[in-house]
Amino acid sequence: MPKITNNPNLCSIRVAGTGSYVPDKVLTNDDLAKIVDTSDEWIRSRTGIQERRIASDAQATSDLATEAAKRAMEQAGVTAEEIDLIIVATISPDTFFPSTACYVQRNLAAKNAVCFDISAACSGFLYAMSVARQFISTHTCDTALIIGAEKLSSMVNWEDRNTCVLFGDGAGAAVLKRAELDGEQGVLSAYMGSDGNQTDILVVPGGGSACPITPDNAEQRLNTISMQGKEVYRYAVTAMRRACDRVLQRANLKPEDISMVIPHQANFRIIEAIRERLDVPPEKMFINLQKYGNTSAAAIAIALDEAHRSGAIQRGDKIVLVAFGAGLTWAAAAICW
Ligand code: COA
């Protein structure tokens, strides 16, 4: 059951820069209707998604991550050598090992960084933020690069209309540093939870040690995403509502104090259910899923970068990030921007 990870003794961290990258190739709902039995109307009305981006065969998850990272580093004004921690949140790593973070380190020539991946599905970027917060607060490192990056197109069954319409590729990144101004700036509170009793409802069942892909089972496409959509939906709403409540409570904030909520970008109906719970107006929910679909760990990271660069969030604004994903996992953070 949920583990509360907010430690009031931790000093805060601030987001010094954000960046994102999505591949050029656009796959529209109409394009998908040529592949599986679906329609633009069904996908839009059930999910809000209009199109998604698809990486090229030559692009691995680390390539998407590297581009997002470069943009975040440029905005933060940090060099590769200043980065002492790289965490990549992903469920579509380049390889089982080494970690995708190590490939990013190589690409950036960030030779002073400690690098590892986090597997927490769509909650991964917020898990990475919490982990980096601990490292920075304890002076284990000064400058962390956290990245959510996915090439989900490589693990989608393009014959399964239940799942293939939902997902897309992309990456988002943030450079985190210790907040030096006052206790009001930076990450105000964080919360994470997991429920391992629900591992079956959103899973890639094959390809790992439990079920290696063999010539005999290759036809079953066990190395692609399998999902019980209605169950996932139900848990997502409950878990994200609870996570929002917890971070607001821990940061001593009321919903009316929040300038913007940046939710996981999976389904506009799930986002609407969270909005109703928080009782905030629609303009306070940042939504870009119509352009990218669900990019899992990348989704909140991309949305945060777009919200920042578009001016939707401004210095001093109080924002809430909230996510939910396979595992099950969920997480939230309240930040004074
Ligand atoms: N196009 C057309 N029909 C589709 C379809 C598609 N792409 N995908 C599924 N269907 C069909 C199903 O086969 C089913 O048909 P049946 O009733 O004949 O068996 C029917 O649509 C189900 O429709 P409905 O009950 O209205 O679907 P839904 O409202 O539950 O919406 C999801 C389906 C997947 C959009 C919804 O359950 C969802 O968003 N779940 C959460 C998924 C998610 O966010 N995953 C990631 C979490 S991080």
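The values are calculated or read from the model by the stated rules, or taken from the named source; none is laboratory data. Nothing here was measured: the structure is a model prediction, and the numbers come from that model. Cβ placement follows ideal geometry from the backbone for every residue including glycine, while neighbour counts extend to all protein chains displayed. Ligands, DNA and RNA are excluded from the accessible area calculation, which covers all protein heavy atoms including side chains. Shrake-Rupley method; radii C 1.70, N 1.55, O 1.52, S 1.80 Å.
Miscellaneous remarks
- Looking across the stretch 282-337, the residues that are open to solvent by 10 Å² or more (accessible area, probe 1.4 Å), assigned to a helix (DSSP H, G or I) and away from the ligand (no atom under 16 Å from the Cβ) come down to 282, 283, 284, 291, 306, 308, 309.
- Just one of (1) away from the ligand (no atom under 16 Å from the Cβ); (2) touching a strand residue (DSSP E or B) at 6+ places or on another chain (Cβ under 7 Å); (3) within 25 Å of residue 236 (Cα to Cα); (4) of a type outside the set (Val, Ile, Thr) fails for residue 145. It is (3).
- The one condition from (1) within 22 Å of residue 15 (Cα to Cα); (2) within 18 Å of the chain's Cα centre (by Cα); (3) surrounded by fewer than 23 Cβ atoms within 10 Å (Cβ to Cβ) that residue 250 does not meet is (2).
- Candidates 49, 54, 35, 43, filtered to the one that is within 16 Å of the ligand (Cβ to nearest atom) and within 21 Å of the chain's Cα centre (by Cα): 49
- Count - residues of the stretch 219-262 that are over 24 Å from residue 208 (Cβ atoms) and away from the ligand (no atom under 11 Å from the Cβ): 23
- Verdict on residue 57 being at pLDDT 95 or above and surrounded by 13 or more Cβ atoms within 10 Å (Cβ to Cβ): no
- Contact annotation: residue pairs with Cβ atoms under 8 Å, 6 or more positions apart or on different chains, pairing a residue in the stretch 175-188 that is at pLDDT 90 or above with a partner that is among the β-branched types (Val, Ile, Thr) and assigned to a loop (DSSP other than H, G, I, E, B), are 175/78; 175/83.
- Residue count for the stretch 263-273, restricted to those that are in contact with a helix residue (DSSP H, G or I) (Cβ under 6 Å, 6 or more places away or on another chain) and near the ligand (Cβ under 10 Å from one of its atoms): 4.
- Verdict on residue 47 being hydroxyl-bearing (Ser, Thr, Tyr), within 18 Å of residue 170 (Cα to Cα) and either at pLDDT 95 or above or surrounded by fewer than 20 Cβ atoms within 10 Å (Cβ to Cβ) (or both): no
- Enumeration of residues in the stretch 95-120 that are open to solvent by 10 Å² or more (accessible area, probe 1.4 Å) and not in a loop (DSSP other than H, G, I, E, B): 102, 103, 105, 106, 107, 108, 114, 115, 116, 117, 118
- From the options 266, 236, residue that is under 30 Å from residue 207 (Cβ atoms) and part of a helix (DSSP H, G or I): 236
- Summed over the stretch 68-87, residues that are in contact with a Gly (Cβ under 8 Å, 6 or more places away or on another chain) and either outside any loop (DSSP other than H, G, I, E, B) or open to solvent by less than 50 Å² (accessible area, probe 1.4 Å) (or both) total 10.
- Residue match in the stretch 148-162 (condition: open to solvent by 50 Å² or more (accessible area, probe 1.4 Å), more than 16 Å from the ligand (Cβ to nearest atom) and not polar (S, T, N, Q)): no
- Tally, over the stretch 81-108, of residues that are β-branched (Val, Ile, Thr) and free of Cβ contacts under 8 Å to residues at least 24 places away in the same chain: 1
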